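The values are calculated or read from the model by the stated rules, or taken from the named source; none is laboratory data. Computed from a prediction, not measured in an experiment: that's the story for all the values here. When we count neighbours, we look across all protein chains shown, and the Cβ atoms used for this are built from the backbone with ideal geometry, even at glycine.
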């Protein structure tokens, strides 16, 4: 098949689809990854055909509007503010996507670009497959991201009905945010009628629209999954050609296993304050650390020898070499730390990150998440000390074994070929 994979967001929103694209290529399919031009080098380093969308994700995350989005208290506020930045570029973006998807047999699409794939399906008849790294469809097992949970003492039937209802509410709100961009494109560029006022999920529940999830059933089990929705397991890229710098190897070999600390593409208004908070917590606990500077520019101050600063390193190489991980709780980073079998401390900033922090705590493989706005040195000290608990370490190691036994990419390809063929 000729396939275009369409996604948009930070690196964590792109990396899983790179793994899937590699697997599809190896299975004999012709694959193009279509996403922000920022990720061209990343895609091409994995030998993938790349179609750029001219949206500067780094700039959007780091300007004033992006910082305000990062400070939103829930996924809805974050998406709404980010979409305000995207709206002026939608016409240009859609034209780029038109070219990248012309003549393909299938579009595999993330949640943030679903409105584009749906429009192309109506316009050209191109099939599309939603492929999500987060559980976004209604279930009775847990509430929608950003929604409060009912107390545990409430009867399960009531909590189940409430949970399912919160998903419908969240989907409708997300839909209304993307509907503005979708209608501008559909009416001006395609001559299509506007999107309906309310999201229609019937195709997902009548079996006519398959969907795949790129997380592990051991991390998020869903008991009421429809027959055409499939939890495949994580989609990991495998690092084969990365050479660690000598100073990193020397640091890792010079003492006890360090802790990894990094917040990826999350930006922070006070990086110096955050760096000093991390330094103080590590000093109190007597821990060494590998600190990832990331987009937030951590580690730009004078640091002790017990902290080694990195601009970046592959998670699959680094995480098995550390004792625990402290990170923002992005879906991909969470999956990588759980796969490594190490305790995880989640400091969520935005979007789905609080959900992953709650899952880490519920599985017993990390302490309670600490939202960035509530992070203190004392709270970080308590969380770091919690990762020394032998029972937590054993649970993390066991979960890591279960995740490593899965082949999420192979399972995804099996379902893709099942529904859309091997042509």
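Table for the structure above
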| quantity | calculated |
| --- | --- |
| Helices (runs of 4 or more DSSP H) lying entirely in the range 349-409 (those with 1 or more residues that are under 21 Å from the mean Cα position of the chain (by Cα) and touching a residue at least 24 places away in the same chain (Cβ under 8 Å)) | 353-362, 390-404 |
| Flag if residue 176 is under 22 Å from the mean Cα position of the chain (by Cα), farther than 30 Å from residue 309 by Cα and either in the same structural domain as residue 307 (by TED's automatic domain parsing) or modelled with pLDDT under 95 (or both) | yes |
| Test: residue 414 is at pLDDT 95 or above, in the same structural domain as residue 213 (by TED's automatic domain parsing) and part of a helix (DSSP H, G or I) | yes |
| Some residue of the range 100-108 being closer than 26 Å to residue 316 by Cα, modelled with pLDDT of 65 or more and either outside any helix (DSSP H, G or I) or assigned by TED's automatic domain parsing to the domain that holds residue 147 (or both) | yes |
| Residues of the range 198-220 classified as closer than 24 Å to residue 143 by Cβ and loosely packed, with under 12 Cβ neighbours inside 10 Å, total | 2 |
| Residues that are outside any strand (DSSP E or B) and under 26 Å from residue 217 (Cα atoms), drawn from the range 109-136 | 110, 111, 112, 113, 114, 133, 134, 135, 136 |
| Segments classed as helices (runs of 4 or more DSSP H), wholly inside the range 2-71, with at least 3 members that are at pLDDT below 80 and in contact with a helix residue (DSSP H, G or I) (Cβ under 8 Å, 6 or more places away or on another chain) | 57-62, 64-70 |
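Conditions tested, residue by residue: (1) closer than 21 Å to residue 177 by Cα; (2) surrounded by 18 or more Cβ atoms within 10 Å (Cβ to Cβ); (3) touching a residue at least 40 places away in the same chain (Cβ under 8 Å).
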{"residue": "92", "(1), (2), (3)": "yes, no, no"}
{"residue": "103", "(1), (2), (3)": "no, no, yes"}
{"residue": "115", "(1), (2), (3)": "yes, yes, yes"}
{"residue": "145", "(1), (2), (3)": "yes, yes, yes"}
